[in-house]
1. Of all residues in region 269-297, which are assigned to a helix (DSSP H, G or I) and touching a residue at least 24 places away in the same chain (Cβ under 8 Å)?
2. I'd like to check something: does region 399-406 contain any residue that is surrounded by fewer than 19 Cβ atoms within 10 Å (Cβ to Cβ) and either in the same structural domain as ILE315 (by TED's automatic domain parsing) or modelled with pLDDT of 85 or more (or both)?
3. Of the residues that make up region 233-248, is at least one in a helix (DSSP H, G or I), more than 27 Å from the chain's Cα centre (by Cα), acidic (Asp, Glu) and within 19 Å of PRO262 (Cα to Cα)?
4. Quick one: would you say VAL249 is of a type outside the set (Phe, Trp, Tyr), exposed (fewer than 15 other Cβ atoms within 10 Å of the Cβ) and outside the structural domain of LYS305 (by TED's automatic domain parsing)?
5. Give the residues of region 50-83 that are part of a loop (DSSP other than H, G, I, E, B) and within 22 Å of LYS132 (Cβ to Cβ), sorted by residue number.
6. Assess whether ARG86 counts as being in the same structural domain as PHE115 (by TED's automatic domain parsing) and assigned to a helix (DSSP H, G or I).
7. So the check is Cβ under 9 Å with 6+ separation or different chains; which pairs have a first residue in region 326-347 that's of a type in the set (Val, Ile, Thr) and assigned to a loop (DSSP other than H, G, I, E, B) and a second one that's crowded, with 23+ Cβ neighbours inside 10 Å and modelled with pLDDT of 95 or more?
8. Just the residues that are out of contact with any His (no Cβ under 9 Å at 6 or more places or on another chain) and crowded, with 20+ Cβ neighbours inside 10 Å, please, taken from region 322-337.
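The values are calculated or read from the model by the stated rules, or taken from the named source; none is laboratory data. Treat the numbers as computed from the prediction; the structure is a model and nothing was measured. With ideal geometry, Cβ positions are generated from the backbone for all residues, glycine too; neighbour counts draw on all protein chains shown.
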Amino acid sequence: MKLNTKVEKFYTHEGAVACHINPEQQLKRSVMSCLLWEDSFYEDGISISDRIKKLIPKVEPLKVVQIARDARDKMNLRHIPLLIVREMARYNSHKKYVARTLSHIIKRPDELTEFLAIYWQDKKCPLSKKVKQGLAHAFNKFNEYQLAKYNRDEKIKLRDVLFLCHAKPKDQEQESLWKKLINNELKTPDTWEVALSAGKNKKETFERLMLEKKLGALATLRNLRNMQESGIDKNVVVNYLNSINLDKVLPFRFIAAANEVPQWEDILETPMLKLLNDTQKDSMSTVLLIDVSGSMQNKLSSKSKMTRLDTACSIAILAREIYTNIEIFTFSNQIVQCAPRRGFALKDCICTSQHHGGTELGKAINIINLSNFQNSRIIVITDEQSSDTVIPSKFKQSYMINVGVNKNGIGYGKWTHIDGFSSNVLEFIKNIEGRD
């Protein structure tokens, strides 16, 4: 038997030598930007989910738990954490953590039924004890409004989950609520979905819900096209946006809304920038380098108009407001410096900066390294599928934010590697550097 064998090399999809990373790192990079079963530019959704399934038993159970929690809590991913827990239930080493993890990651009632659909994807089988415990505990989270909103006539219903997990009500009030669910007697919620499904007038529905302050921030942004197409006065929407709490809305939500209704981009930018004005500032000199190659034009999902470049732009918009001493560049086959713009104008500058071609990240880093910029920090946002070798940067703090789900990448070693496209990544950088 020959022991002195060749060292296996790994490559990106565009041909650069990739870093050899451990199973935990592989799982993180495959999970944190994954919309389950959706194709990426280079890989199909099935191969990505299969890779995730194979990696889970190779990673320490508590680390898998943390990845599932981070995917749900920090990246706001809904389906991939459910798949992770379903796979955990298959292995003796992991299954003891299933109940607590499942209860934690289920934050909406429809995730109860979605988990069972994933659990039975291959074939219908009995639920494990830990799965039943997790579902039962999660059921206790939801009130009548939430249960009624997601009590849909689908193959797997909420009452089915309740029967299967044998959940016990915490008090008489909850027992009464669950009886309503079982008997299909829940009070119909006053939501735009219910109203429109009942055939009510779209314009009148949204005007009434705004007048009664019953339309949440995200629902408002997601329905701008419905409002515009139904003929609602633009000023009505402006006044409503100014009256509701938008504190938890991140820049990519505004970009998604502007993609749907570009005619109303002007009424979106003001509240977005107003929110960002309140963020804590950071004076450390920073270079932000954004991948605008062809693969970054890939949509996040078949139902979304958002691309990976849109998510990169949302982080750039946030970074422009946080970092008071920042220079922004794009790279593809060239490297181009962007004008010091803000908001949607910065997004336009990034997207139109150059032709969306290859991914010559190595060349871009080399040019930045040879420049006269006296910067302390560099942040690269990319899907990591470089066609050339990527060298370490000259800066004190070097971050590679991966917004792709591809198997191999290059942002490791002397780079601090971050997976996922949530705007929370800048908060993560702040915590790494120990800044208040």
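1. Kept after step one, since they are assigned to a helix (DSSP H, G or I), are these residues of region 269-297: 269-277, 294-297.
Passing the criteria: GLU269, PRO271, MET272, LEU273, LEU275, LEU276, ASN277, GLY294, SER295, MET296, GLN297.
2. First, the residues of region 399-406 that are surrounded by fewer than 19 Cβ atoms within 10 Å (Cβ to Cβ): none.
Checked region 399-406: no residue is surrounded by fewer than 19 Cβ atoms within 10 Å (Cβ to Cβ) and either in the same structural domain as ILE315 (by TED's automatic domain parsing) or modelled with pLDDT of 85 or more (or both).
3. The answer is no; no qualifying residue exists.
4. Values: of a type outside the set (Phe, Trp, Tyr): yes; exposed (fewer than 15 other Cβ atoms within 10 Å of the Cβ): no; outside the structural domain of LYS305 (by TED's automatic domain parsing): yes.
When the stated conditions are applied, VAL249 does not pass them.
5. So in region 50-83, the residues part of a loop (DSSP other than H, G, I, E, B) come out as 59-60, 74-78.
Listed by number, the list holds a single entry, ARG78.
6. Details: in the same structural domain as PHE115 (by TED's automatic domain parsing): yes; assigned to a helix (DSSP H, G or I): yes.
Judged against the criteria, ARG86 is a match.
7. none
8. Filtering region 322-337 down to residues out of contact with any His (no Cβ under 9 Å at 6 or more places or on another chain) leaves 322-331, 335-337.
Correct list: TYR323, ILE326, ILE328, PHE329, THR330, PHE331, ILE335.
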